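Data first, discussion second: the structure below is written as structure tokens.
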Amino acid sequence: MKKILSIASIVIVIFLMACNAQRSTTRNVNSATSNTTETIPNGEKKNILFIAVDDLKPLLSNYGETQMHTPNFDRLAKMGMTFTNAHVQYAVCGPSRASVMTGANPDRTKVWDLHTDFRESSDLISMPEYLITQGYATTAVGKIYHKGSSAPGHDGKSWSMPHQLPDNFDPVAGEAAFSYYQAPETKRQMAALETEAREKGITKNGKIRTYVFKRLKPSTESADVSDTAYQDGLYTQTALKQLENLEKTGKPWFLGVGYQKPHLPFVAPKKYWDLYDRNEIELAEFQELSKGTPKFAFHSFGELRAFSDIDNKLRQGDVLPEAKQRELIHGYMACVSYIDAQIGKLLDELEKRKILDDTVIVLWGDHGFHLGDHTEWCKHSNFEQATRIPFMFAGPGVEKNQKSHHPVNLVDLFPTVFELANVPQSSQTDGKSLVPLLDSDSSTTVRMDYAYHQYRRGPRMGYGIRTVRYRYTEWHDSNYRSYMPYKEDNIVGRELYDYEKDPLETRNLIKDSNYKDLVKDLKAKLKSHLTQ
């Protein structure tokens, strides 16, 4: 009798295990703060190739930019989804990267600048750190976080295998000056300035760097060198070796590849500059301040003015000389094509290893980049050119060769990647899974109809939402944050842009009576986002 009961118990246990194995992951995508219910997903866990590109706006051929030479972005686009209306939560490196790596909005990470470490300002954990607890091997190369973390090793808690920043530059070119410059004359002059600094008693590397850069810091460089004479070529070379080591572990893996370009200075091998005719390059069409927009919504591109070949006397509303504009845009485009070539090498390796079907690929920019529009350069704003990014997915669970114009957030990456990779969801995320948009067989939808973002100007924080057609922004004074009480009398400026009628944001429509009802609706959406 006991033997019969024992057999029955075993049968029941097997039946219950089978039932659990057949349960699908529960989705909850009704709002930006909804968290997917934590369940055990179906299927084996997938690898994750996580490609971060610094300062990359959607100036790409797969985004309709016909002047661009980016065949490998096209290749990745054919493999999956291109989101055309994707936005970062904060248009500068530190806050944006802290947000995407934790799946949390900036007012939760409490990172609003380039110096704060999310480890010190919150108790959040990172995406790869969580993946380690789920049986993953994790590693990375290049720029994933802005400045790493209080933990050693570029946020060492994130990696089961050490993060790397290689400096084994192509020996034909030699070591790059300050990791940037390879032009022989530039290197000669910088070496002389280093010697001069030491003769004046300056010994610390950081201060020597500052001494040199105050006197010589070119914003662009086109040197006839190989891809591995610059950092991003080394990052690709290292990533391929890391991939081999990850595969040897027998575990599912997370590989982060963080490319530096097209961040300033715009340095890339000459062959990528040669893809473009500088005289044919399209300049920004609208080079004025928007009518009716608060002046504090703009900035004076101090990041660019720090370079020795840029007039540091330029201020908000001033226009760079056309020749310098063409040089800078040419350099940006060359850097994008340089990164395109690196992406091609990564995809080639996945194909060679026959692991494309087992690997979720996500590519993202940490914010956009102004190239002369509104007289602006760099990022640091709530305008379209600063918040809008390339955002692409490919791999298992992603239908091939599709585009979505649905407004989405970079913070949505965290739960989307987990669902695609068959990883149990973390309740930490503020984002929503975008899998319903990636999988044409899905019966669920993403009902939130706007993306959101913020940017600070001194004591004012500008919060905005971007729908398919409009952007509405409120500037709140007195160091307001969304975890504080929302007060109407604290609002010191508002903006509204209609991208169907005015795609260049030439006029703030907030006082136009034709938009009165729309403003009321968009304000309600933003207030709901800030107060929920």
Filter region 321-353 for residues that are under 23 Å from the mean Cα position of the chain (by Cα) and among the polar types (S, T, N, Q); the one that is nearest to Ile310 (Cα to Cα) is Ser337
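Quick grid of which residues meet (1) surrounded by 17 or more Cβ atoms within 10 Å (Cβ to Cβ); (2) touching a Cys at 6+ places or on another chain (Cβ under 9 Å); (3) touching a residue at least 12 places away in the same chain (Cβ under 8 Å):
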{"site": "Arg466", "(1), (2), (3)": "yes, no, yes"}
{"site": "Thr473", "(1), (2), (3)": "yes, no, yes"}
{"site": "Glu488", "(1), (2), (3)": "no, no, no"}
{"site": "Arg494", "(1), (2), (3)": "yes, no, yes"}
{"site": "Arg507", "(1), (2), (3)": "no, no, yes"}
{"site": "Ile510", "(1), (2), (3)": "yes, no, yes"}
{"site": "Ser513", "(1), (2), (3)": "no, no, no"}
{"site": "Ser528", "(1), (2), (3)": "no, no, no"}
Checking Thr139, Thr203 in turn, the sole residue that is under 24 Å from the mean Cα position of the chain (by Cα) and hydroxyl-bearing (Ser, Thr, Tyr) turns out to be Thr139
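Being in the same structural domain as Leu413 (by TED's automatic domain parsing), in a helix (DSSP H, G or I), crowded, with 22+ Cβ neighbours inside 10 Å and modelled with pLDDT of 95 or more is true for just one of Ala268, Ala334. Which residue is that?
Numbers: Ala268 fails: in a helix (DSSP H, G or I).
Going through Ala268, Ala334 in turn, just one is in the same structural domain as Leu413 (by TED's automatic domain parsing), in a helix (DSSP H, G or I), crowded, with 22+ Cβ neighbours inside 10 Å and modelled with pLDDT of 95 or more: Ala334.
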- [ ] Go through the residues of region 227-240 one by one and say whether even a single one is part of a helix (DSSP H, G or I) and within 24 Å of Val423 (Cβ to Cβ).
- [x] yes
Checked against (1) surrounded by fewer than 14 Cβ atoms within 10 Å (Cβ to Cβ); (2) closer than 26 Å to Lys143 by Cβ, Ile329 satisfies every condition except (1)
Can we say Asp170 is part of a helix (DSSP H, G or I), touching a Gly at 6+ places or on another chain (Cβ under 9 Å) and of a type outside the set (S, T, N, Q)? no
How many residues of region 488-508 are touching a strand residue (DSSP E or B) at 6+ places or on another chain (Cβ under 9 Å), basic (Lys, Arg) and farther than 18 Å from Arg457 by Cβ? The answer is 1
Those helices (runs of 4 or more DSSP H) completely within region 98-167 that have 2 or more residues that are over 25 Å from Glu419 (Cα atoms) are 118-121, 152-155
| message | Tell me yes or no: at least one residue of region 98-111 is within 22 Å of Lys432 (Cα to Cα) and modelled with pLDDT under 95. | response | no
Here the residues within region 380-433 that are at positive phi and touching a Leu at 6+ places or on another chain (Cβ under 7 Å) are Gly395, Gly397
With the first residue restricted to region 321-334 and required to be touching a residue at least 12 places away in the same chain (Cβ under 8 Å), and the second required to be β-branched (Val, Ile, Thr) and surrounded by fewer than 23 Cβ atoms within 10 Å (Cβ to Cβ), Cβ contacts under 6 Å at 6 or more apart or on different chains are Arg326/Ile281; Glu327/Thr220; Ile329/Ile281; His330/Ile281; Gly331/Thr220
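The values are calculated or read from the model by the stated rules, or taken from the named source; none is laboratory data. Please read these numbers as outputs of a predicted model, since none were measured by experiment. Virtual Cβ from ideal backbone geometry, glycine too; neighbours counted across all protein chains shown.
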